[in-house]
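This report refers to the structure that appears directly beneath it.
Read-outs: derived from the displayed coordinates by stated rules, not from any lab. As the structure is a prediction and not an experimental result, all values here were calculated from the model. A quick note on method: Cβ atoms are made from the backbone with ideal geometry, for glycine too, and the neighbour counts reach across all protein chains shown.
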Amino acid sequence: MTNETIKHQLNHRTIRAFKPTTLSTEQLNTLYSVASHTPTSMFMQQMSIMHITDPDKRAVIREISKQPYVGANGDLFILLVDLYRNQQIRQQKGKDDGRLHTADIFFQGLDDAIMAAQNMITAAESMGLSVVPLGSIKNEPQKIIEVLNLPKMTFPVLGLQIGIPDQEPQLKPRLPLKFIAFDNDYPKEIKLSDLSDYDQEVTTYYDLRDANQRIDSFTNQIAGAKLDRHYTKRDEIMKVLHRQGLCTDEGID
């Protein structure tokens, strides 16, 4: 089964090079409207979007991300878990913060923000634009909060860079469906040998890729340096969340 939306989704490619053009007001408002109509847990609407146009802020975010294309061409957005707005509403109605500091409510806001980001991606691609999601904004969580001048009860969870594509990368192969979609029970027996065909497909992809060539496999990446024990500033995310007044219900300092 297919239709135009599904074709766009199945043809999704992460674009890291954009033409030096910014989005129109109409395009921006369309993306914001699509995000605002995303499902929201308990109708709390606990996400917000920041559009970063200031070149100095974009430069710092690029430095945090350690990726040269971040904040270059295209439009840069940061999606927030935003419990500050609802905190202010409660306080101005004479109420305490209630459950706003719990991990439960934070994760509801996280769901809101991530689903809004995906809706923006789908809408952007339907308009002939392309997107690179930026989890790398969390490389230095405290610094990104400071550069965005965020109040407590907010947290930046994902960046999106959106624009007119200036490259045509190959389609990156994904795990076969049998490894990610299950009926009723989770199959706990996983054998490397079952992944050999997919490993070869991924190795071929890297071997043929136009830029940044490397020969690698999926299982080698999983067993590689990314998941080896090492310290990064991302390991401070929980501490930063607590400084922001979020997820404090377990009494962790």
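A few points about this structure:
- GNM flexibility winner over the chain from Asn73, Asn184, Asn11 (Cα, springs under 10 Å): Asn184
- Note on the chain: with a GNM built from Cα contacts shorter than 10 Å, the maximum mean-square fluctuation among Ile15, Ile52, Ile190 falls on Ile190.
- In region 1-82, taking the dipole from charged Cβ atoms about the Cα centre, the farthest positive-side position among His12, Pro39, Val60 is held by His12.
- Cβ-placed point charges (K, R +1; D, E -1), dipole of the chain about Cα centre in debye, nearest 20: 520 debye
- Loop sites in region 122-166: trypsin sites (Lys or Arg not before Pro), DSSP, at most 15 other Cβ within 10 Å: Lys152
- Using a cutoff of 8 angstrom between alpha carbon atoms and counting only pairs six or more residues apart, the relative contact order for region 1-81 works out to 37 percent.
- Length added when fully stretched, Lys19-Asp104, from 0.36 nm per residue minus Cα-Cα: 26.5 nm
- Shown for His37, His12, His101: other C-beta atoms within 10 Å of each C-beta, ranked fewest to most, produce the order His37, His12, His101.
- Label positions at Lys226 and Glu4, each projected 7 Å from the Cα along the C-beta direction, are separated by 3.4 nm.
- Lysines with Cα under 20 Å of Lys7, excluding same-chain neighbours fewer than 8 positions away: Lys172
- Computed as a quarter of the hull surface, the mean projected area of the alpha carbon convex hull for region 1-87 stands at 8.2 nm².
- Euclidean distance between Cα centres, region 1-65 to region 114-188, Å: 9 Å
- If you run the Gaussian network model on the chain, springs between alpha carbon atoms under 10 Å, then out of Arg90, Arg99, Arg174 the most flexible one is Arg174.
- Separation in nanometres of the label points that stand 7 Å from Cα toward Cβ, at Ser33 and Asn11: 2.5 nm
- Computed over region 96-253, relative contact order equals 32 percent, with contacts defined as Cα pairs under 8 Å that lie 6+ residues apart.
- Computed over all pairs of different Cα atoms, the Kirkwood value for the hydrodynamic radius of the chain is 20.4 Å.
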